[in-house]
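Undergrad: Here it is, the structure in full.
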Amino acid sequence: MSLLKSIDDFFASRKKSEKYLIYLSIFLGIFLLSYQYLFPYTEKLRKQAKREKDAIQAKIDIDKAYIQGITVNGDELFYIKTYSKQIDALQQNLLFLQDKKNYLDQKIKELSYLLYNKKKWAQFLNSLTQLADKHNIEINYILNNFLDVTKTFGHVLEVEISCQGKFKNTIAYINDIEQSDLVVDIYAMKMSNNNPIKTLLKVSVWGIKY
């Protein structure tokens with residue numbers, strides 16, 4: 001309270017003009033103090049705000065330029081629509097190819113007897129002697145050669161059969177060989193006129209490598 005009383009006493013003894021001068025001095029002092037400390041800070045904030053504004057404006061300009069670059073005939077989504085259609089077409093084509101592959105796989109499985117299978121061909125070789133017994137044909141020898149096939153489809157087995165028997169029985173024997181489940185081709189045949197007829201057959205078996 002003594003400080004406030006002292007201040008009141010000080011101003012009470014002063015003229016009005018002196019009071020105004022003192023008030024003005026105090027105001028200027030406060031203003032100068034505020035300017036000295038607050039202005040650099042506000043200036044720093046102003047510059048930072050300007051940098052942020054410039055960065056945002058630059059990004060907006062880039063985005064505008066990009067949109068203009070992808071706009072065709074006023075359509076901003078032109079390329080998106082175009083690429084979407086291309087992707088849909090490729091997906092449809094992929095589904096078509098998958099269905100086609102599955103179809104081919106199924107068909108090849110149905111033709112499994114044609115596949116590269118040595119067990120089946122061993123059974124075929126065994127059937128040659130069984131058919132000979134069935135038709136009273138005497139086998140002299142059977143030669144066979146498994147081929148190392150490099151092609152997808154072709155000869156996989158070659159067989160040479162030397163046999164003898166009656167003509168009618170020989171024809172029946174040859175017919176049964178050709179009726180095999182495998183793809184059999186008798187590509188060479190030689191018969192003698194002796195009785196019994198001697199026959200030399202050359203047979204090829206075809207198959208698929210899958």
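Undergrad: What residue, among those in the stretch 162-199 that are in a strand (DSSP E or B) and polar (S, T, N, Q), is nearest to Lys134 (Cα to Cα)?
TA: Here is the first cut: in the stretch 162-199, the ones in a strand (DSSP E or B) are 162-165, 183-191, 197-199.
Next, from what is left, pick out any that are polar (S, T, N, Q): 162, 164, 199.
On the way: Ser162: 16, Gln164: 13, Thr199: 17 Å.
Per the criteria, the residue is Gln164.
Undergrad: Which members of the stretch 66-104 meet the condition of being small (Gly, Ala, Ser) and exposed (fewer than 10 other Cβ atoms within 10 Å of the Cβ)?
TA: Of the residues in the stretch 66-104, the ones small (Gly, Ala, Ser) are 69, 74, 84, 89.
Answer for the stretch 66-104, where residues must be small (Gly, Ala, Ser) and exposed (fewer than 10 other Cβ atoms within 10 Å of the Cβ): Gly69, Gly74.
Undergrad: So which of Lys107, Lys101, Lys85 ends up being assigned to a helix (DSSP H, G or I), among the basic types (Lys, Arg) and modelled with pLDDT of 80 or more?
TA: Working: Lys107 fails: modelled with pLDDT of 80 or more; Lys101 fails: modelled with pLDDT of 80 or more.
It is Lys85.
Undergrad: With touching a helix residue (DSSP H, G or I) at 6+ places or on another chain (Cβ under 7 Å) and at pLDDT 90 or above as the only criterion, which of Ile137, Ile208, Ile174 stands out? Let's see the steps before the verdict.
TA: Values: Ile208 fails: at pLDDT 90 or above; Ile174 fails: touching a helix residue (DSSP H, G or I) at 6+ places or on another chain (Cβ under 7 Å).
None of the others qualify; the one that does is Ile137.
Undergrad: Identify all residues within the stretch 186-205 that are modelled with pLDDT under 85 and not polar (S, T, N, Q); write none if there are none.
TA: Val205
Undergrad: Of all residues in the stretch 185-210 being buried (at least 17 other Cβ atoms within 10 Å of the Cβ) and within 47 Å of the chain's Cα centre (by Cα), which is farthest from Phe124 (Cα to Cα)?
TA: Ile208
The values are calculated or read from the model by the stated rules, or taken from the named source; none is laboratory data. Worth saying up front: this structure is predicted, and the values here are computed from it rather than measured. Glycine gets a Cβ as well: all are built from the backbone with ideal geometry, and neighbour counts include every protein chain shown.
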